[in-house]
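Undergrad: Before I ask anything, let me first share the structure, which is written out below as structure tokens.
The values are calculated or read from the model by the stated rules, or taken from the named source; none is laboratory data. Model, not experiment: these values are computed from the prediction. Don't worry about glycine lacking a Cβ; one is built from the backbone with ideal geometry, like all the others, and counts go over all protein chains shown.
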Amino acid sequence: MPITPEPSSSRKKPFSLNLVQFCLGFSILLAALYNRPLWRIVSAEFSTDNFAGLLSFSAFCVFLVLIFSLCLTLVFFRYTAKPLALLLIISSASASYFMSNYGIVFDKSMIQNLLETDLAEAQELLNISMLGYFSYYAVVPSLVILWLPLNYHPPLKELKFKCISALAFISLAVLITAAFYQDFSSLFRNNREMRNTVVPSSFIYYTSRYLSGAYAVMNIVAQPIGEDAVQTTTNSSKPKLTILIIGETARAQNFSLNGYARETNPKLKQQQIFNFSNTFACGTTTALSLPCMFSLYNKSNFSTEKAEAQQNLLDVLSKAGVNVLWRDNNSGCKGVCERIETQPAQTYRNEQYCNQRECFDQVMLNDLDSYLSEKQGDVTVVLHQKGNHGPAYYLRYPDSFKQFTPVCTTNQLQQCQQQSIVNAYDNAILYTDHFLSTVIDYLKDRQDQYRGAMLYMSDHGESLGENNLYLHGLPYFIAPETQTKVPFILWLSQSFSDSDKLDRQCISAKQQQRMSHDNLFHSMLGLLSVQSSVYDQKLDMLASCRDL
Ligand SMILES: [Zn+2]
């Protein structure tokens, strides 16, 4: 009797899994390998040294695996299962690497920051231990998946099988939730940030949201604001030269001007500056804070989508007739400088301030004179610093600023003593102190031609290992003050404060008042004597010190 061979797809191999078994197994792998921060939270909530805690902990493990399996069952089909599994492994390994090593959680601004990071910054994050981590958490599981034989039912039977399994997963998950309702609800209530630690769901959710948001924004033309902006004339014959410096990752706490025990502001303390020591950032990442600082929206109603759909401070200044220039030593202006003059870094590059990798912030002052010589009237120059960009703080300053030692010279912060991380960070602050003071000297040297002013504000702070947190980017409501409190410094030449009738004592008296990024927009309009319906005097921190 002839034997009809079975279709090869359904022929059982000695060891093989069907699709539902594969979903279950793969879910266990995802939960176990890539969710260390999540398990840290769950085990802290359910103390596993007693039976009840252990039971709740186990229930949560099973619950998570069921939910993963349910989702995977819906997308894993004959031709999608293995490619999707590989994609998930690689992205989960990357996500969990950053989360375990830097204590970050995923949210929209973190994804935005990662996707908008430039090549040089990305190289800085890559290192040998990351490769080791990758071979263990990405390469080995990928090889196993590639090797693993899967067997499939005929399409209709497969579909039926999937439906029954999905129903079983969901019913079991509901049962477990009902049985452990008290425990689970306190877990979720006490750890609201927990959902942002679940790999892969957190980064899938935020990446897709980011992508859909970014696509939407591409079609948007920024709505004009401040069409009525005009500069009121003063009796001075000298134009104003305002240099606005956007700091990077500098936290207020490490400025000796703000009471830090270590002398990190030896140069600024000798300048006649105003130091606003109680200033808060709009966000905890560059991608959020930078557009927010220049936006008419305040922290309370700001979103990057809204900000991109509207013109900003720089547009209003330039409509009023101020010459505005943006120079960048960081990874770009995040859309803020889109409609104003920018200069490519090559045009003012000077080897004196650069090495093969990058240039130090001082390069941004190079050859500024030739720009100024071409302009009539008031000028505002925005300098976007590299500042204290981490984790490689030790690369941010020339050797002569290596004053606090020993210094952490790896981007693997966990391998360093906390003090050596702080040392590297403080050396970078020391260099910013020098840079800002150099800008002030630059303005002083041109007092015959210009009424000079310098304003410096950092975009957000940083965690340097306190409570095991590194870098920045935590959601604002749980972010420590080290990430949200930023330095804010103003310097005004005598001729500037005289012509604008600014009472210097009155400004000094405001130095301890609470300030924020919200003040930048209106204070800059005030400094440049721009009148417009968008100007809000209440947010101009100098308004009450101006004698009109
Ligand atoms: Zn930043």
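Undergrad: Go through region 245-267 and report how many residues are assigned to a helix (DSSP H, G or I) and surrounded by fewer than 23 Cβ atoms within 10 Å (Cβ to Cβ).
TA: Total satisfying the criteria: 4.
Undergrad: If you don't mind, there's one more thing I want to ask. So the check is Cβ under 6 Å with 6+ separation or different chains; which pairs have a first residue in region 367-395 that's assigned by TED's automatic domain parsing to the domain that holds GLN447 and a second one that's among the basic types (Lys, Arg)?
TA: Sorted first by the residue in region 367-395, then by its partner, the pairs are ASP378/LYS240; LEU383/ARG327.
Undergrad: Conditions first: (1) in the same structural domain as VAL105 (by TED's automatic domain parsing); (2) modelled with pLDDT under 95; (3) out of contact with any strand residue (DSSP E or B) (no Cβ under 8 Å at 6 or more places or on another chain). PHE63 passes all but one, so which condition is the exception?
TA: Every listed condition holds for PHE63 apart from (2).
Undergrad: If SER373 satisfies all but one of (1) among the hydroxyl-bearing types (Ser, Thr, Tyr); (2) surrounded by 21 or more Cβ atoms within 10 Å (Cβ to Cβ); (3) more than 16 Å from the ligand (Cβ to nearest atom), what's the number of the condition it fails?
TA: For SER373, the exception is condition (2).
Here's the yes/no breakdown for (1) within 23 Å of the chain's Cα centre (by Cα); (2) acidic (Asp, Glu); (3) in the same structural domain as LEU430 (by TED's automatic domain parsing):
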position: THR304; (1), (2), (3): yes, no, yes
position: ASN323; (1), (2), (3): no, no, yes
position: ASN330; (1), (2), (3): yes, no, yes
position: GLN352; (1), (2), (3): no, no, yes
position: GLU358; (1), (2), (3): yes, yes, yes
position: ASP361; (1), (2), (3): yes, yes, yes
position: LEU365; (1), (2), (3): no, no, yes
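Undergrad: I've got another one for you. When you look at SER463, is it out of contact with any Leu (no Cβ under 6 Å at 6 or more places or on another chain) and of a type in the set (Ser, Thr, Tyr), yes or no?
TA: no
Undergrad: Give the residue that is farthest from the ligand (Cβ to nearest atom), with candidates limited to residues of region 237-254 that are hydroxyl-bearing (Ser, Thr, Tyr) and touching a residue at least 12 places away in the same chain (Cβ under 8 Å).
TA: Filtering region 237-254 for residues that are hydroxyl-bearing (Ser, Thr, Tyr) and touching a residue at least 12 places away in the same chain (Cβ under 8 Å), the one farthest from the ligand (Cβ to nearest atom) comes out as THR242.
Undergrad: Now for a different question. From the list PHE169, PHE161, which one is more than 30 Å from GLU338 (Cα to Cα) and either surrounded by fewer than 17 Cβ atoms within 10 Å (Cβ to Cβ) or within 23 Å of the chain's Cα centre (by Cα) (or both)?
TA: Of PHE169, PHE161, the one residue that is more than 30 Å from GLU338 (Cα to Cα) and either surrounded by fewer than 17 Cβ atoms within 10 Å (Cβ to Cβ) or within 23 Å of the chain's Cα centre (by Cα) (or both) is PHE161.
Undergrad: Residues TYR425, TYR470: which one is buried (at least 24 other Cβ atoms within 10 Å of the Cβ), among the aromatic types (Phe, Trp, Tyr) and touching a Leu at 6+ places or on another chain (Cβ under 8 Å)? Step through it out loud before you land on a result.
TA: Details: TYR470 fails: buried (at least 24 other Cβ atoms within 10 Å of the Cβ).
Answer to the check: TYR425.
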